[in-house]
Amino acid sequence: SAYGMHNQRFAERWNAMASLQLTHKRYRLFDEAFVGTEFTVPFTFVNPKIGLNYNATDRVNAYVSLSRTSREPRLVNFYDAANSSYGVLPEFETSANGAIDYDNPLAKPERLNDLEIGAAYTGNRIRGSVNLFWMDFQDEIVKNGQLDQFGQPVTGNAESTRHKGIELSGVVRATPTLTIQGNLSLSRNRFRSYTVFDGGTPLSYNGNRIAGFPDRLANLRGTFEQGGFRASLALQHVGTQFTDNSEDNRQNAQLRQTPGYDPLKVNPYTAVNLGLAYDLGRHLGVNRFEIRLDVNNLLDKLYETHGEGASFFPAATRNVFLWTRIDL
C-alpha cells in the first residue's frame, strides 16, 4: 500500500486537497492437503480523492469532496473451504469441458463513487455540522439474509446500489457542568439493479431496501460533570431494518398472509443507557482512580438488534457493569 496527499491553499479562505492511495492485495490458497485446490486472486486498486474547503469565517466552513474507492470480497466468497469435504467447489467460472478457470472468479470487488457536501460551525459553547452524501456502488458486497455454519452472514455482489442521505451532529455546552450532544442520520439505501435466482427463476430486487441498513439512526447524550463526579444518560434510536433483500417479500406480498409468517425485518427501537463515575485520583495521589457503574438497557426493554433472514438476534435485557480505571 502507498498513500500520498497534497493540501494547497490558493486564496485567503480557500484550500484544495487531493490524495491518492495505491493498494495491492492477494489471496493465495495452496497445499490444501485433502482436496488439492490451489488458486491465486490478486487485486490492485487505485483510490483517488479530491476536495475543496471554504472558510467563510473563523467559525464556519463548507466543503465538497469526491472520491472513488474499491474493496475486495472475502476469501469465503471465492471458496468455502470449510465445506470442501462435502463437495463445495471454488466459485470460479468453468470452461466448456467443466474445468475450473481460476483466472476468472465469480465474486467481484465492489467499487464506490462518493460525493459529499457539508458545512460546520465551531463556537465556544456550540459545535455542529451537516453532511450530505451520495454513494453509487457497482458490485456492492451485500448480505443476502443467510448465515453460514459459523453464524457469519453470507454475502455476494449486487450489480448497482445507491446510498444517499444527510448526517447531522452537534454539541451544546449548556452550562459549565452540563453538555448535550447528539447525531442524526437519515438515509435511503436501495438496489438500483439486483437480480437473484430462486430455483433457477430470476427475481428482480430493483428498488428494494438493502438488508441491514436502517434509514434512521439517532443518538442523544447528556453528561453532567462536577468535581470528580460524572453522570451521563444516553438514548440510541435505530429505525426499521430488513433482514434480507426481498424487503419482507415486497414483490410477493401474498406470502405475508401465510399462517405463521414471520416478518423479515427488525422493528425500530430506542434504548436508554446510564453511566455513573467518580474519580478518586486526587484523594489517592494518582492521576486517575475512576470507579464507574454502567447500566445498559436501563428500561429493560425487549427488542432485537439485527437479523439475518429468519434468524433474529435479541439485545440483552438490563445489564450492569462495575469497573475501574487507574492511571498512575
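A search for C-beta distances below 9 Å between a residue of region 72-98 that is touching a residue at least 24 places away in the same chain (Cβ under 8 Å) and crowded, with 17+ Cβ neighbours inside 10 Å and any residue that is in a loop (DSSP other than H, G, I, E, B) and charged (D, E, K, R), counting only pairs 6+ apart in sequence or on different chains, returns Pro73/Lys108; Val76/Asp148; Asn77/Glu91; Phe78/Glu91; Tyr79/Glu91; Asp80/Glu91; Asp80/Asp148; Pro90/Asp80.
The set of residues in region 10-36 that are part of a loop (DSSP other than H, G, I, E, B), aliphatic (A, V, I, L, M) and open to solvent by less than 60 Å² (accessible area, probe 1.4 Å) contains only Ala11.
When Phe39 is tested against (1) exposed (fewer than 13 other Cβ atoms within 10 Å of the Cβ); (2) touching a residue at least 40 places away in the same chain (Cβ under 8 Å); (3) within 26 Å of Ser70 (Cβ to Cβ), just one condition goes unmet, and that condition is (1).
For region 50-95, residues that are of a type in the set (A, V, I, L, M), modelled with pLDDT of 90 or more and over 28 Å from the mean Cα position of the chain (by Cα) total 2.
Of the strands (runs of 3 or more DSSP E) lying entirely inside region 37-153, the ones with 2 or more residues being polar (S, T, N, Q) are found at 39-55, 60-71, 110-122, 126-147.
Note on region 106-126: residues that are over 17 Å from Arg68 (Cβ atoms) and polar (S, T, N, Q) total 2.
In this structure, is Gln241 farther than 30 Å from Val60 by Cα, of a type outside the set (Ser, Thr, Tyr), open to solvent by 80 Å² or more (accessible area, probe 1.4 Å) and touching a residue at least 40 places away in the same chain (Cβ under 8 Å)? Taking the combined requirement at face value, the residue does not satisfy it. Could you go through region 208-222 and let me know if any residue there is over 30 Å from Asp139 (Cβ atoms), of a type outside the set (Phe, Trp, Tyr) and open to solvent by 70 Å² or more (accessible area, probe 1.4 Å). There is at least one residue in region 208-222 that is over 30 Å from Asp139 (Cβ atoms), of a type outside the set (Phe, Trp, Tyr) and open to solvent by 70 Å² or more (accessible area, probe 1.4 Å). In the condition set (1) open to solvent by 70 Å² or more (accessible area, probe 1.4 Å); (2) without any contact (Cβ under 8 Å) to a residue 24 or more places away in the chain, Phe229 is compliant with all but (2). Restricted to region 244-282, and to residues there that are among the basic types (Lys, Arg) and in contact (Cβ under 8 Å) with a residue 12 or more places away in the chain, the residue that is nearest to Leu293 (Cα to Cα) is Arg282.
Residues that are under 30 Å from Pro202 (Cβ atoms), charged (D, E, K, R) and open to solvent by 60 Å² or more (accessible area, probe 1.4 Å) within region 152-189 comprise Glu159, Lys164, Arg188, listed in sequence order. Residue under question is Gly51, and the condition is that it be surrounded by fewer than 10 Cβ atoms within 10 Å (Cβ to Cβ), of a type outside the set (A, V, I, L, M) and farther than 25 Å from Gly156 by Cβ; does it hold? Here the answer is no, as Gly51 does not meet what is asked.
Given the options Glu290, Glu304, name the one that is charged (D, E, K, R) and open to solvent by 50 Å² or more (accessible area, probe 1.4 Å).
Glu304
Filtering region 292-318 to residues that are outside any loop (DSSP other than H, G, I, E, B) and either free of Cβ contacts under 8 Å to residues at least 24 places away in the same chain or of a type in the set (Val, Ile, Thr) (or both) leaves Val295, Thr305, Phe313, Pro314. For region 259-273, the criterion of being touching a strand residue (DSSP E or B) at 6+ places or on another chain (Cβ under 8 Å), assigned to a loop (DSSP other than H, G, I, E, B), farther than 25 Å from Arg325 by Cα and open to solvent by less than 40 Å² (accessible area, probe 1.4 Å) is met by at least one residue.
The values are calculated or read from the model by the stated rules, or taken from the named source; none is laboratory data. Owing to the predicted nature of the structure, the values given are computational and were not obtained by experimental measurement. Note: ideal-geometry Cβ built from the backbone for every residue, glycine included; neighbour counts use all protein chains shown. For accessibility, only protein heavy atoms count, side chains too; no ligands or nucleic acids. Shrake-Rupley method; radii C 1.70, N 1.55, O 1.52, S 1.80 Å.
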